[in-house]
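Take a look at the structure below.
The values are calculated or read from the model by the stated rules, or taken from the named source; none is laboratory data. A quick note: this is a predicted structure, and the numbers were derived from the prediction, not measured. Cβ placement follows ideal geometry from the backbone for every residue including glycine, while neighbour counts extend to all protein chains displayed.
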Amino acid sequence: MNRPKIALISTILICLALLAVALYLQLVEKMLPCPLCVMQRYAFLAIALSCLITLSLPKGVQRAGFALGFLSAMTGVGVAGYHLWVLANPAVSCGIDPLETGLNKIFLANIFPTLFKADGLCDTPYPPIFGLSIPAWAMIWFVFFALVMGTFLCAKKRARELFGKS
């Protein structure tokens, strides 16, 4: 199996594991997801789906799939960054606002309300996990995925041959 396939499959599995952790924190630890948390969940899902699509593409057009994954990861970086800013400035909150109402009307929120329904507040100070807040961990993973997708997206033909003929 070549390196791009390993990277894509690993990324899919990590994204699914991160969504499972989010469900654990929500259902077991009673940490309600805010609108920004739900948007980060959508970004992880978009990364996983773009990797799945990339796996099914012919080698000549896989760069489009890597580009989609990169854009999804960068979207996650932006949302997680804004969430970190909200946590650093407690006077600002996304609270119950049009963002929450709009997110809760998306069809995935109706099909999978446990995973995609926003009902928490963005400025709730949940205890850190290994010293970092949940959005900080999400930011780390989004940056990691952006680096992985960007590496394969920007690789020259010669470098792609070295990494497994993608």
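Details
- Positions within segment 101-142 being more than 15 Å from Ala43 (Cβ to Cβ), part of a helix (DSSP H, G or I) and of a type in the set (Val, Ile, Thr), in sequence order: Thr101, Ile111, Thr114
- Qualifying residue in segment 143-158 (condition: within 20 Å of the chain's Cα centre (by Cα), assigned to a helix (DSSP H, G or I), within 24 Å of Leu52 (Cβ to Cβ) and modelled with pLDDT under 80): no
- Residue within segment 2-13 that is of a type in the set (A, V, I, L, M, F, W, C), touching a Leu at 6+ places or on another chain (Cβ under 7 Å) and buried (at least 16 other Cβ atoms within 10 Å of the Cβ) present: yes
- The numbered conditions (1) on the phi > 0 side of the Ramachandran plot; (2) buried (at least 19 other Cβ atoms within 10 Å of the Cβ) are all true for Phe130 except (2).
- Residue that is farthest from Met149 (Cα to Cα) [pool: residues in segment 46-85 that are of a type in the set (A, V, I, L, M, F, W, C) and in contact (Cβ under 8 Å) with a residue 60 or more places away in the chain]: Ala80
- Scanning segment 48-67 for residues that are over 18 Å from Leu18 (Cβ atoms) and crowded, with 20+ Cβ neighbours inside 10 Å gives Thr54, Gln62, Gly65, Phe66.
- Residue in segment 57-65 that is farther than 18 Å from Met139 by Cα and not in a helix (DSSP H, G or I) present: yes
- Scanning segment 17-37 for residues that are without any contact (Cβ under 8 Å) to a residue 40 or more places away in the chain and either among the β-branched types (Val, Ile, Thr) or surrounded by 13 or more Cβ atoms within 10 Å (Cβ to Cβ) (or both) gives Val21, Val28.
- Residues in segment 8-28 that are farther than 16 Å from Ala46 by Cα, of a type in the set (A, V, I, L, M, F, W, C) and in a helix (DSSP H, G or I): Val21, Leu23, Leu25, Leu27.
- Any hit, segment 84-92, residues being assigned to a helix (DSSP H, G or I), more than 15 Å from Pro33 (Cα to Cα) and of a type in the set (Phe, Trp, Tyr): yes
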